[in-house]
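K.L.:
Below is the structure I would like to discuss, written out as structure tokens.
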Amino acid sequence: MSKPLTDQEKRKQISVRGLAGVENVADLKTNFNRHLHFTLVKDRNVATKRDYYFALANTVRDHLVGRWIRTQQHYYEKDPKRVYYLSLEFYMGRTLQNTMVNLGLENACDEATYQLGLDMEELQDMEEDAGLGNGGLGRLAACFLDSMASLGLAAYGYGIRYEFGIFNQRIVNGWQVEEADDWLRYGNPWEKARPEYMRPVHFYGRVEHTADGVKWVDTQVVLALPYDTPVPGYKNNVVNTMRLWSAKAPCEFNLKDFNVGGYIQAVLDRNLAENISRVLYPNDNFFEGKELRLKQEYFVVAATLQDIIRRFKSSKFGSTEVVRTDFTTLPDKVAIQLNDTHPAMAIPELMRILIDEEKLSWDKAWDICVRTCAYTNHTVLPEALERWPLDLFQNLLPRHLEIIFEINRRHLERIAALYPDDADRLRRMSLIEEGGQKKINMAHLCIVGSHAVNGVARIHSDIIKDTVFKDFYEVDPDKFQNKTNGITPRRWLVMCNPGLADVIAERIGDDYIRDLDQLKKLLRFENDDSLIRDIAKIKQENKLKFAVHLEEHYKVKINPESMFDVQVKRIHEYKRQLLNCLHIITLYNRIKKEPKKAWTPRTIMIGGKAAPGYHTAKMIIRLITAIGDIVNHDPIVGDRLKVIFLENYRVTLAEKVVPAADLSEQISTAGTEASGTGNMKFMLNGALTIGTMDGANVEMAEEAGEDNLFIFGMRVEDVEALDKKGYDASEYYNRIPELKQAIDQISGGFYSPKEPELFKDIVNMLMHHDRFKVFADYEDYIKCQDKVSALYKNTKEWTKKVIHNIAGSGKFSSDRTIAQYAREIWGMEPSLAKIAAPDDPR
């Protein structure tokens, strides 16, 4: 019998990883050794694993540079319309493997490192995640960059180069502990500082109205230093740019002030200016109205708009002389997409530039502004909507406040003309919220200042029109659109699950990687035993690999035959990790009651970070770890039920857990999860979904067939009806014995014997002020989970449903999403054409 293949030998056989041509491999080895030599010549002569990682990263980066320069040259010569994606978050994860995939270099690099006696996977593990985001919104921006490059759009991602990204999470005695994410500690081989494009950004000061226009004077200046990261498209030789701004104090900072002898202090105070880009705010779906956050929002906007206008004015490569002065064509050459309201200051800032600096009339400037900007809404939760106190604005950005007042005056004038004598409507639609302290409603500013407003799944876009922004929809129905989110199939299939990508390519070719709708062709094979076997086999291999990872990290023995039941996402009450906990407890109690019964074994994994200031979310983590401590050490249960809290969930961990999952938990209260994108990743990677009719789950059920998902619980209409009637948790508690048992155990200290009172706050919340109605969906959830357990016993029928899900996941490619933004919002045409490679003749 032949000995089993090594991991490296297995990887070599996977065609979607590219060809390892002999010359290619030889060149890579040469370049690798050259980079390694330069690394070592500097100070040492013994290479560490990190030295090898940097050598490999720089070798791969060499393949990007020529394409990058040529792509940007191509844009300057053709002068296409450009799209600027403005986001406070870009949750990129690691870059090395993604770059190899998109350049078709993966197998060649694998072979080259192997011949040099190295294991490429070990080197990849040296890379730090670029964790410049909290969750869905930041990861969406990263997927969009990949799709924009793959569709040949002249696109730029603009954001902040946070020195510290999302915190690293450690679990200590069952509690979340945060530590700073010092991701730049060893340097970042993918970024290039561009000091020649440094830009001043102004804060504070006062406004002077003079005969020759308005002046914003006596401001404090912070410099914005750009760092560029290449964004390669998939095998099309396009390389776009993500430009992240870093804050620098100017040389004169604090020194011109007559503070005699305060020189040392003045230099130390430079930190105050540079703190702007120090750290990512770690809140997901929650607004924290801090001055530093408003500074971050204006900083990225002001620096970016200077860049946009510089690029609009000049269009020849490398030239600084002005060629365009007529701003009426700005909307034909520039599209600005606002990723949520965080970059909303782009609207008043663009108005300030056009009026105060370029001397346009208000009407002309406003028309240009509205036709250029578009706004994506990401949430309907009221606590997440940005409402900035007026006095904060007055102090920090006095000119912008004046402009916002004028936008509002004209806006309300229009509404009053349409609805005379409707004072309440004026109050509801104003950009300024009256009351205790006056606040600026940033969503209202975005709607009024944009030509397009979109939600991120059909149901979410409908909710926006029917409820939160109903008044605005009635006035401007044509403004409102839907753009259902998507994920890039490069990172979320080819890269993280090459085995599955290859099994698919064997049946339908590998064109689907560019055109994910082709996955529908798999339906021809829904009864093909060989495909059913291959898909089940790949899933089992992925589970074994992940089980090894878990046993190394958690010292728990995992049963790889058990169902891997996974809920990974930020910890939030609306995402209802507590509902999952109640199912775990119910399952545990049932096994204890009838230990001889043939239960379907499960390994239930829950992972995600809680915002450091979100007490309830931290308690939810503590409850999950407490339940795990009891369940995992109960000999009666054995390996039929295990509960694992996945520590430090991040992009790189998602790439490991998603391919290994059997069941995907998408169980938010209907009407609260705008879209979700994790749901799509699991669907594409061969997990089945248990979920509510919320967010994109609705469209997933439509694409795959509702029979092929496990849908349960209240619909949006049911939730509304229950709100009207009044939700009474005790009614369910008293009526459902298993629910009562679970809650009594939690409140009685069964899961916290040393601190019986530990979870009293959670129980009190669930019983008396649960906005997300966990108990109302408990009964249907448990019944639905019973169906899941029953089907899992029948591998063939389970896998047939998996095939329907994979075949139905084509819609959820971010390529489709971006093609729709391009055509329906930006007025651009996507293209699958290759551009010339650097070594091709021009």
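K.L.:
For the stretch 198-242, name all the residues that are open to solvent by 10 Å² or more (accessible area, probe 1.4 Å), of a type in the set (D, E, K, R) and assigned to a strand (DSSP E or B).
P.N.:
Those that are open to solvent by 10 Å² or more (accessible area, probe 1.4 Å), of a type in the set (D, E, K, R) and assigned to a strand (DSSP E or B): ARG199, ARG206, GLU208, LYS215.
K.L.:
From the list ILE432, ILE504, which residue is surrounded by 21 or more Cβ atoms within 10 Å (Cβ to Cβ) and either free of Cβ contacts under 8 Å to residues at least 12 places away in the same chain or of a type in the set (A, V, I, L, M) (or both)?
P.N.:
The conditions single out ILE504.
K.L.:
Of all residues in the stretch 150-175, count the ones that are more than 24 Å from LYS295 (Cα to Cα) and out of contact with any Pro (no Cβ under 8 Å at 6 or more places or on another chain).
P.N.:
10
K.L.:
Taking interchain pairs and intrachain pairs at least six residues apart, which have beta carbon atoms under 6 angstrom, with the first residue in the stretch 265-291 and over 18 Å from ALA224 (Cα atoms) and the second part of a helix (DSSP H, G or I) and open to solvent by 40 Å² or more (accessible area, probe 1.4 Å)?
P.N.:
Cβ pairs passing all conditions: PHE286/GLU383.
K.L.:
For LEU292, are the conditions met, namely being touching a Leu at 6+ places or on another chain (Cβ under 8 Å) and closer than 17 Å to TYR162 by Cα?
P.N.:
no
K.L.:
Could you list, in sequence order, all residues of the stretch 272-296 that are among the polar types (S, T, N, Q) and either on the phi > 0 side of the Ramachandran plot or open to solvent by less than 40 Å² (accessible area, probe 1.4 Å) (or both)?
P.N.:
SER277, ASN283, ASN285, GLN296
K.L.:
Only one of GLY66, GLY117 is more than 25 Å from the chain's Cα centre (by Cα) and not in a helix (DSSP H, G or I); which?
P.N.:
Every option except GLY117 fails the conditions.
K.L.:
Also, I was wondering about something else. Might you check whether a residue that is under 24 Å from VAL651 (Cβ atoms), of a type outside the set (S, T, N, Q) and part of a loop (DSSP other than H, G, I, E, B) occurs anywhere in the stretch 69-87?
P.N.:
The answer is no, given that none of the residues of the stretch 69-87 is under 24 Å from VAL651 (Cβ atoms), of a type outside the set (S, T, N, Q) and part of a loop (DSSP other than H, G, I, E, B).
K.L.:
Based on this model, can you work out whether GLU561 counts as over 22 Å from LEU688 (Cα atoms), at pLDDT 95 or above and out of contact with any strand residue (DSSP E or B) (no Cβ under 8 Å at 6 or more places or on another chain)?
P.N.:
no
K.L.:
On to the next question. Just to verify a result, which residue in the stretch 258-315, among those that are among the small types (Gly, Ala, Ser) and assigned to a helix (DSSP H, G or I), is nearest to the chain's Cα centre (by Cα)?
P.N.:
Among those that are among the small types (Gly, Ala, Ser) and assigned to a helix (DSSP H, G or I), it is SER277.
K.L.:
Based on what the data block shows, is THR586 in contact (Cβ under 8 Å) with a residue 12 or more places away in the chain, touching a Phe, Trp or Tyr at 6+ places or on another chain (Cβ under 7 Å) and open to solvent by less than 40 Å² (accessible area, probe 1.4 Å)?
P.N.:
Spelling it out, it is not the case that THR586 is in contact (Cβ under 8 Å) with a residue 12 or more places away in the chain, touching a Phe, Trp or Tyr at 6+ places or on another chain (Cβ under 7 Å) and open to solvent by less than 40 Å² (accessible area, probe 1.4 Å).
K.L.:
Would a scan of the stretch 142-151 turn up a residue that is part of a strand (DSSP E or B), in contact with a helix residue (DSSP H, G or I) (Cβ under 9 Å, 6 or more places away or on another chain) and in contact (Cβ under 8 Å) with a residue 60 or more places away in the chain?
P.N.:
No, there is no match, as no residue in the stretch 142-151 is part of a strand (DSSP E or B), in contact with a helix residue (DSSP H, G or I) (Cβ under 9 Å, 6 or more places away or on another chain) and in contact (Cβ under 8 Å) with a residue 60 or more places away in the chain.
K.L.:
Would you mind finding the one in LYS364, LYS359 that is surrounded by fewer than 18 Cβ atoms within 10 Å (Cβ to Cβ), assigned to a loop (DSSP other than H, G, I, E, B) and modelled with pLDDT of 95 or more?
P.N.:
LYS359
K.L.:
In the stretch 397-414, what count of residues is obtained for those that are crowded, with 19+ Cβ neighbours inside 10 Å and either outside any loop (DSSP other than H, G, I, E, B) or out of contact with any Phe, Trp or Tyr (no Cβ under 7 Å at 6 or more places or on another chain) (or both)?
P.N.:
Going through the stretch 397-414 one residue at a time, the tally reaches 8.
The values are calculated or read from the model by the stated rules, or taken from the named source; none is laboratory data. Just so you know, these numbers come straight off a predicted model, no measurement behind them. So basically every Cβ, Gly included, is an ideal-geometry build from the backbone, and we count neighbours across all protein chains shown. Side chains included, ligands, DNA and RNA excluded: accessible areas come from the protein's heavy atoms. Shrake-Rupley method; radii C 1.70, N 1.55, O 1.52, S 1.80 Å.
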